[in-house]
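Any read-out appearing in this document is the output of simple, stated calculations on the displayed coordinates, not a laboratory observation. Nothing here was measured: the structure is a model prediction, and the numbers come from that model. Because the Cβ atoms are built from the backbone with ideal geometry, glycine has one as well, and the counts that use them run over all protein chains shown.
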Amino acid sequence: SGDPGWARSSAGAAGGCWGGTPELCPALTGVFQEMVKHECHFINGTEKVRFVARYIYNRQQSIHFDSDVGVYVGDTPLGEKNAKIWNSDPAKLENVRAAVDRYCRQNYEGFRPFSVERRACPSRWCPPSSSQPGPGRLLCSVMDFYPAAIQVR
């Protein structure tokens, strides 16, 4: 999954066995996970939008793009190499920078009913006070409470 250049870079760095069989490349017989996460952060509707792409290999973020920064940033030595290559490609940078509009803003209206407009009443559970040790103690749990800035006391 993800960018084809990313796949070439990560596999090539693993020992140059890209496309080799397990017999020829025993180091590549395990399970490897490659993941790309795209995030859209919205402030005040679509007034301020931030796009973040995270490239993760075997649970470690190797490189990321943040539209507030405008370039790829390496998080590991391999990620730093890829960032240098990707940042030198004007077409690649133009494409990822446009994701704020093409991906985030364009999808905002479609996802709004399921995210922004979602209003769930918090649920609570308060066990009988006799089940709690000590006099006069009450323990309550609140689930699905939003926004997080509001404290439940």
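Of note:
- Other residues lying with their Cβ under 13 Å from the Cβ of residue 73 contribute a combined charge of -1, Lys and Arg counting +1, Asp and Glu -1.
- Net charge of neighbours whose Cβ lies under 14 Å from the Cβ of residue 51, counting Lys and Arg as +1 and Asp and Glu as -1: +2
- Once the Cβ-Cβ distance of residue 44 and residue 106 is raised to the sixth power relative to R0 = 22 Å, the FRET efficiency obtained is 0.80.
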